[in-house]
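Report on the following structure.
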Amino acid sequence: MASGPTKEMLAELASRPGRDTIVSTFIKAVFIGLSLLFLAALLFAPLVTVFVTALEKGYEMYFESFRDSDTIAAIRLTLITAAIVVPVNTVFGIAAAWAIGKFEFRGKSMLITLIDLPIAVSPVISGLIYVLLFGAQGWFGIWLQEHDISIIYALPGIVLATMFVTFPYVARELIPLMQQLGNDEEEAAITMGAGGLMTFFHVTLPKIRWGLVYGVILCNARAMGEFGAVSVVSGHIRGMTTTMPLHVEILYNEYNFVGAFAVASLLTLLAVVTLIVKTLVEWRTGYTRTK
Amino acid sequence: MSITLDQVTKRYQGAPVVNDVSLEVAQGEFFVLLGPSGSGKSTLLRAIAGLTGVDHGRIALHGQDVTHVSARQRGVGLVFQNYALFKHMTVGENIEFALRVRHMKAADRLKRRRELLRLVALEGMDDRLPTQLSGGQQQRVAVARALAHKPQVLLLDEPFGALDAKIREELRRTIRQVQRELKITTVLVTHDQEEAFALADRIGVMNLGRLLESGKPDELYARPATRFVATFLGAANLLLARQTTQGIRFGSTPVRAHPTDKLDGGREHEVVAVLRPEEIELAPTRDALRTNFIANGVVEELVFTGALERMRVRMTSGAAEGQLVSSGAENHASSAFLDVTRTQYEHRAFPVTLQQSVAVGVRRIHVLPTPLSSYTACASGPEAAERLARHPFLAELAARMKTRIASRVEPTLAAPDRNVAASTPISGVAVIATQNNLLQQSEWLLQNGAAELLVLPSQAAPPQRVLIHWADDSARRSTLAVAASVLRHVPAEAVYLGILPGAADDAQKPLGVRALLDARSEAQSVHGLEMRTELHFGGAAEALNRQLGESTDQMLILGISSLQQLRDQFGAMLASPVPYSLMIVYRPAKELEVNPRLDGIRDTGGAGERAALS
């Protein structure tokens, strides 16, 4: 633009509280300080503890604990589960948000409520549902045994339970976004002759990408960290059906603090890395786009 | 024809949002759909684009029926109010989108992009992102993008809605220029009449889902056929007047001047007169007026707006008696205000100040060809009359028609007596509440000057369906005129019921179908009213009762040409209180024969004379 302040700058200026509404910089400092204090007590301290305890007996012991075959199996299982669950739930989340955001149909509010269900229900119950369905005494138990299919105490059960617990994350992130963004751009694309797929990939997806990235990250974090539901269906078979959170518990109960905290630190690192990746992607794309 | 709409109807939750719209837009024409928000104009535009399906009717583009063709295949260009640009794409990418869909070569795309950017005066902006552009520039990009695939029809949905006045005007000029240069058929939707005048070759005014009138801007402005168009397209003072042999009379003040429209017949009846604010002249005294005196008044409001001076004059005598219906929405029924605008030149010739007494004259009067002028709530006691005058449906109808509801006490109504005549003929539409001696009351009122009678049950809601029937062909014309007038103010579907006797043989059936077609084509050509037709067999009253029993929220408009008909054919229906709204249109057949050169749409019966005849 030629000259003068940009529209964004003016909008930002207008959205800030006026000088007179804030009593003094002292109050500002107090508020910032309070927020930091809470963060320190609730977030940083435990984080530090995790790493400190893990490294208590030196780096060697720390890395030694990852050489344990059970630990490696747990890490592998967790990654496999996340690798299956996250894409599936992403597709589901987009489909559900699309349906809710773009169409009017009977039972729409019912669907929204149902999507929220896994958040409301205790994860233990979520796990139990699958045990009741597919367990030896469950509804399909006999049939499954006859056909030699194991779901409970095996990978399918863990994947199912994790999927159930994490499926709201992408959808919850996208539904309000899609409702708010409206259909104008899609409709414009359609009148220009674009088909469904082209409209989705060139118009809708770019529109919702940040919401989607955020939803996927939340979904992934929860999928890797889920304890309750997985605990019920896994059967805690060491090296076979323990995911990282379960393995942490086992090690901890065995008083293997270094091992437990080492795995915990890895879990934490994975979460931190995903957050950093998200921020990086956001920052880089945002940077090139607005300049 | 570039765009042809035939009886297009779109319902939303049962209620029609676009109601039987038929329209033709010629090749290269700039057509503006004008209407208030909620009038269905945007829905209609989306239906043309194919983004909204229609429940009934046909849409054709360039002679090709596209009713069931998807938006993707229709190949129209559409511009949205909020631009709907792809924010993650640059201006160039946005414009090329439709070409990329069509797999056009990059070099050709670039050429077309350059061409379009030149057309909308945005050369060199290719690599900007939409967020870096001003609103006006974004809308230019949207127009260029909509034109990229060379659509044969360009549709614009309130394209200037989000822009401020200055940019709006500039963009308006650009769009007009682009349209002229490409000679592309264009439909633009707006609620801004100034915009419509500035752009349109032809304007169509929509309200309540119906296309009320369409025509050249100047013609619509000078000769509107409906109250809505008169007041929505520019400002207008609506006045109730009486049309007499000498011309128009406001209360007891005759206006000698010949109204602009030829008046039919020699009979006196109530009409609605349109006085544009700029056609009103003010002078210090009656004798100083160069035009026809209509009233004395006092200046109550005075606003200087630059080129024009706007004022509001309260009439103290003359036309004030005639009861005024002003376009200013609030308290229009009680006070007799006239909106007046004067040029600087007029102001210098006769400066006025607040509270000054003036004589009011008028240069030009346009009489609306509507048969429904005002309502008179009739009851045997004052409380009942008052209560009826406050009936929600009646109040809504009157408010939409911008007319008044008078109340009138007729003690005779308690026990109608043929031999007792009303003191003065009843003017306007007589309204009564439904009750046991409905037939007798109806007969008495129709006998005593009421040409239309509205019967309202106490719970009547605005109808969703209006049934139309007339007892014989001589009542057709007037019934259709009344039906058209009602339907312009009620968001309902119209159905004409033709009824043949149950014993009708095969030879009679073609006649019945013929009558239906005649009715439809007359409604369409004379009133611009689209309606559906149904043919039924059996006794008229039974057939009507059957239809009316189908659902609630219906209204019946019944045309008769003699009171005998009412008693013989429909007496059974009126024997007990009716649960639906009923409008009876009564034009004695004899009189129609006497007066063969009736104008069709303006044949409101002469009240006084008819009372004498019957």
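Give the number of residues within region A:126-156 that are part of a helix (DSSP H, G or I) and without any contact (Cβ under 8 Å) to a residue 60 or more places away in the chain.
Taking region A:126-156 and keeping what is part of a helix (DSSP H, G or I), we get A:126-134, A:141-146, A:155-156.
Now restrict to residues that are without any contact (Cβ under 8 Å) to a residue 60 or more places away in the chain: A:129, A:132-134, A:141-146, A:156.
Selection size over region A:126-156: 11.
Go through region A:112-155 and give me each residue that's buried (at least 17 other Cβ atoms within 10 Å of the Cβ) and within 30 Å of A:Trp98 (Cα to Cα).
A:Ile115, A:Pro118, A:Pro123, A:Ser126, A:Gly127, A:Ile129, A:Tyr130
Just give me the residues in region B:349-372 being small (Gly, Ala, Ser) and free of Cβ contacts under 8 Å to residues at least 12 places away in the same chain, in sequence order. Break it down into steps so the answer makes sense when it comes.
Step one: list which residues in region B:349-372 are small (Gly, Ala, Ser), which gives B:349, B:357, B:359, B:361.
Answer for region B:349-372, where residues must be small (Gly, Ala, Ser) and free of Cβ contacts under 8 Å to residues at least 12 places away in the same chain: just B:Ala349.
Take the residues in region A:169-191 that are within 18 Å of B:Gly50 (Cα to Cα) and of a type outside the set (Gly, Ala, Ser); name whichever of them is surrounded by the most Cβ atoms within 10 Å (Cβ to Cβ).
Here is the first cut: in region A:169-191, the residues within 18 Å of B:Gly50 (Cα to Cα) are A:182-191.
Subset that is of a type outside the set (Gly, Ala, Ser): A:183-187, A:190-191.
Values: A:Asn183: 14, A:Asp184: 16, A:Glu185: 22, A:Glu186: 20, A:Glu187: 21, A:Ile190: 25, A:Thr191: 27.
This residue is A:Thr191.
Would you check which residues across region B:81-95 are under 16 Å from A:Glu187 (Cα atoms) and more than 9 Å from every other protein chain (Cβ to nearest Cβ) and list them?
B:Asn94, B:Ile95
Just to be sure I understand, how many residues within region B:559-583 are touching a Pro at 6+ places or on another chain (Cβ under 8 Å) and either part of a loop (DSSP other than H, G, I, E, B) or surrounded by fewer than 20 Cβ atoms within 10 Å (Cβ to Cβ) (or both)?
Applying the first criterion (touching a Pro at 6+ places or on another chain (Cβ under 8 Å)) to region B:559-583 yields B:561-562, B:577-581.
Narrowing further to those that are either part of a loop (DSSP other than H, G, I, E, B) or surrounded by fewer than 20 Cβ atoms within 10 Å (Cβ to Cβ) (or both): B:561-562, B:577-580.
Residues that pass the stated criteria total 6.
Tell me, which residue of region B:357-392 that is of a type in the set (A, V, I, L, M, F, W, C) and either in contact with a Cys (Cβ under 7 Å, 6 or more places away or on another chain) or part of a helix (DSSP H, G or I) (or both) is nearest to B:Arg312 (Cα to Cα)? Before you say what the answer is, go through the steps one by one.
Quick first cut of region B:357-392, residues of a type in the set (A, V, I, L, M, F, W, C) only: B:358-360, B:362, B:365, B:367-368, B:372, B:377-379, B:384-385, B:388-389.
Right, trim to either in contact with a Cys (Cβ under 7 Å, 6 or more places away or on another chain) or part of a helix (DSSP H, G or I) (or both) and you get B:384-385, B:388-389.
Details: B:Ala384: 35, B:Ala385: 32, B:Leu388: 32, B:Ala389: 28 Å.
It comes out as B:Ala389.
Considering region B:306-319 alone, what residues qualify as being modelled with pLDDT under 90, over 26 Å from the mean Cα position of the chain (by Cα) and not hydroxyl-bearing (Ser, Thr, Tyr)? Talk me through it step by step, then tell me what you get.
Let us first name the residues in region B:306-319 that are modelled with pLDDT under 90, namely B:306-307, B:314-319.
Those left that are additionally over 26 Å from the mean Cα position of the chain (by Cα): B:306-307, B:314-318.
Answer for region B:306-319, where residues must be modelled with pLDDT under 90, over 26 Å from the mean Cα position of the chain (by Cα) and not hydroxyl-bearing (Ser, Thr, Tyr): B:Gly306, B:Ala307, B:Arg314, B:Met315, B:Gly318.
Does A:Leu205 qualify as being within 20 Å of A:Leu117 (Cα to Cα) and at pLDDT 90 or above? Talk me through it step by step, then tell me what you get.
Numbers: within 20 Å of A:Leu117 (Cα to Cα): no; at pLDDT 90 or above: yes.
Judged against the criteria, A:Leu205 is not a match.
Just to be sure before I move on: is B:Thr253 among the β-branched types (Val, Ile, Thr) and either modelled with pLDDT of 90 or more or over 24 Å from the mean Cα position of the chain (by Cα) (or both) in the structure I sent? Explain how you work it out, then say what you get.
On the way: among the β-branched types (Val, Ile, Thr): yes; either modelled with pLDDT of 90 or more or over 24 Å from the mean Cα position of the chain (by Cα) (or both): yes.
When the stated conditions are applied, B:Thr253 passes them.
Here are B:Ala519, B:Ala494, B:Ala515: which of them is among the small types (Gly, Ala, Ser) and over 28 Å from B:Ser39 (Cα atoms)?
B:Ala515
Every residue in region B:455-504 that is of a type in the set (Asp, Glu), touching a residue at least 60 places away in the same chain (Cβ under 8 Å) and surrounded by fewer than 19 Cβ atoms within 10 Å (Cβ to Cβ), please. Even if it seems obvious, please write down each step before you answer.
Let us first name the residues in region B:455-504 that are of a type in the set (Asp, Glu), namely B:472-473, B:493.
Among the residues that remain, those that are also touching a residue at least 60 places away in the same chain (Cβ under 8 Å) are: B:472, B:493.
Selection gives B:Asp472 alone.
For region B:35-71, how many residues meet the condition of being under 13 Å from B:Leu188 (Cα atoms) and in contact with a helix residue (DSSP H, G or I) (Cβ under 7 Å, 6 or more places away or on another chain)?
Number satisfying all stated conditions: 2.
Determine whether A:Pro87 is in a helix (DSSP H, G or I) and loosely packed, with under 13 Cβ neighbours inside 10 Å. Steps first, please.
Details: in a helix (DSSP H, G or I): yes; loosely packed, with under 13 Cβ neighbours inside 10 Å: yes.
Here the answer is yes, as A:Pro87 does meet what is asked.
Take B:Val25 and tell me if it is in contact with a Ser or Thr (Cβ under 6 Å, 6 or more places away or on another chain), aliphatic (A, V, I, L, M), closer than 22 Å to B:Ala484 by Cβ and buried (at least 19 other Cβ atoms within 10 Å of the Cβ). Lay out the reasoning, then the answer.
Numbers: in contact with a Ser or Thr (Cβ under 6 Å, 6 or more places away or on another chain): yes; aliphatic (A, V, I, L, M): yes; closer than 22 Å to B:Ala484 by Cβ: no; buried (at least 19 other Cβ atoms within 10 Å of the Cβ): yes.
Against the criterion (in contact with a Ser or Thr (Cβ under 6 Å, 6 or more places away or on another chain), aliphatic (A, V, I, L, M), closer than 22 Å to B:Ala484 by Cβ and buried (at least 19 other Cβ atoms within 10 Å of the Cβ)), B:Val25 does not qualify.
Would you check if there is a residue in region B:75-90 being of a type in the set (Val, Ile, Thr), under 31 Å from the mean Cα position of the chain (by Cα) and modelled with pLDDT of 90 or more? Spell out how you get there, then give the answer.
Step one: list which residues in region B:75-90 are of a type in the set (Val, Ile, Thr), which gives B:76, B:79, B:90.
Pick out the ones that are also under 31 Å from the mean Cα position of the chain (by Cα) and you get B:76, B:79.
Still in the running and modelled with pLDDT of 90 or more: B:76, B:79.
Yes - at least one qualifying residue is present in region B:75-90.
Within region B:96-113, which residues are under 20 Å from B:Leu129 (Cα atoms), at the interface with another protein chain (Cβ under 9 Å from one of its Cβ atoms) and surrounded by fewer than 20 Cβ atoms within 10 Å (Cβ to Cβ)?
Answer for region B:96-113, where residues must be under 20 Å from B:Leu129 (Cα atoms), at the interface with another protein chain (Cβ under 9 Å from one of its Cβ atoms) and surrounded by fewer than 20 Cβ atoms within 10 Å (Cβ to Cβ): just B:Arg100.
So which strands (runs of 3 or more DSSP E) stay within region B:25-80 end to end and still have 1 or more residues that are within 14 Å of chain A (Cβ to nearest Cβ) and closer than 26 Å to A:Glu185 by Cβ?
Values: elements: B:30-34, B:56-61, B:77-79.
By residue number, B:56-61, B:77-79.
Results for (1) more than 30 Å from B:Arg546 (Cα to Cα); (2) in a helix (DSSP H, G or I); (3) not assigned by TED's automatic domain parsing to the domain that holds B:Tyr12, shown as yes or no for each residue.
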| residue | (1), (2), (3) |
| --- | --- |
| B:Ala395 | no, yes, yes |
| B:Lys402 | yes, no, yes |
| B:Leu413 | no, yes, yes |
| B:Ala421 | yes, no, yes |
| B:Pro462 | no, no, yes |
| B:Ile468 | no, no, yes |
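Which one is farthest from the other protein chains (Cβ to nearest Cβ), of the residues in region A:159-197 that are among the polar types (S, T, N, Q) and either without any contact (Cβ under 8 Å) to a residue 40 or more places away in the chain or farther than 30 Å from B:Val101 by Cα (or both)?
First, pick out the residues of region A:159-197 that are among the polar types (S, T, N, Q): A:162, A:166, A:179-180, A:183, A:191.
Now restrict to residues that are either without any contact (Cβ under 8 Å) to a residue 40 or more places away in the chain or farther than 30 Å from B:Val101 by Cα (or both): A:162, A:166, A:180, A:191.
Values: A:Thr162: 33, A:Thr166: 28, A:Gln180: 13, A:Thr191: 4 Å.
Among them, the one singled out is A:Thr162.
Among the residues of region B:256-298, how many are more than 26 Å from B:Tyr221 (Cβ to Cβ), surrounded by 18 or more Cβ atoms within 10 Å (Cβ to Cβ) and modelled with pLDDT of 85 or more?
Count: 1.
Hey, which of the strands (runs of 3 or more DSSP E) in region B:127-220, taking only ones fully inside, have at least 1 residues that are over 23 Å from the mean Cα position of the chain (by Cα) and either within 14 Å of chain A (Cβ to nearest Cβ) or crowded, with 24+ Cβ neighbours inside 10 Å (or both)?
Numbers: elements: B:153-157, B:185-190, B:202-207, B:210-215.
Because the criterion is at least 1 residues that are over 23 Å from the mean Cα position of the chain (by Cα) and either within 14 Å of chain A (Cβ to nearest Cβ) or crowded, with 24+ Cβ neighbours inside 10 Å (or both), the strands (runs of 3 or more DSSP E) in region B:127-220 that meet it are B:153-157, B:185-190.
Quick check: anything in region B:542-558 under 28 Å from B:Glu213 (Cβ atoms), among the small types (Gly, Ala, Ser) and either modelled with pLDDT of 85 or more or in a loop (DSSP other than H, G, I, E, B) (or both)?
As a first pass, look at region B:542-558 and keep what is under 28 Å from B:Glu213 (Cβ atoms): B:553-558.
Of the ones still in play, those that are also among the small types (Gly, Ala, Ser) are none.
The answer is no; no qualifying residue exists.
The values are calculated or read from the model by the stated rules, or taken from the named source; none is laboratory data. What you see is a predicted model, and the numbers here were worked out from it, not measured in a lab. Cβ atoms come from the backbone with ideal geometry, glycine included; neighbour counts cover every protein chain shown.
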